[in-house]
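Notes to accompany the following structure.
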Amino acid sequence: MIPKVIDAHYVKDYIIWLKFDDDSIGEINLEAELWGPVFEPLKNIQLFKKFYVHPELHTITWENGADFAPEFLYNQLKVAA
C-alpha cells in the first residue's frame with residue numbers, strides 16, 4: 001500500500017513536518033535532495049516554503065511541478081526516527 005501524506009508544515013531551513021495516513025508523523029530534512037533541474041530552484045528558501053499537499057498525488061508539491069514520491073518521504077521519515 002502506498003503511503004499518503006495528509007498534512008505537512010514548514011519547520012525551518014529545509015525541514016518539513018509530515019503526517020501520513022497511518023498516523024506516522026515526523027520531520028525530514030530535504031536539503032540534500034534538492035538537485036536536478038526541477039528541484040534546484042527550491043534551494044531558494046522562499047520558494048521551498050511554498051509547498052502544499054496535493055489532493056490527488058497525496059504528497060508535497062510545489063508550484064514549479066516538483067514533488068517527492070510519498071514512498072520516498074515515508075522511508076525518509078522512518079530512517080530519521
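The values are calculated or read from the model by the stated rules, or taken from the named source; none is laboratory data. The shown structure was predicted, so the numbers you read here are calculated from the model rather than taken from an experiment. For the accessible areas, the whole protein counts, side chains as well, though only heavy atoms, and no ligand, DNA or RNA atoms are used. Shrake-Rupley method; radii C 1.70, N 1.55, O 1.52, S 1.80 Å.
Solvent-accessible area assigned to carbon and sulfur over the range 30-81 amounts to 56 percent, based on a 1.4 Å probe.
In the context of the full set of protein chains, the chain has a per residue accessible area of 61 Å² (1.4 Å probe). In the frame of its principal axes, the chain has Cα extents of 31, 26, 19 Å, reported largest first.
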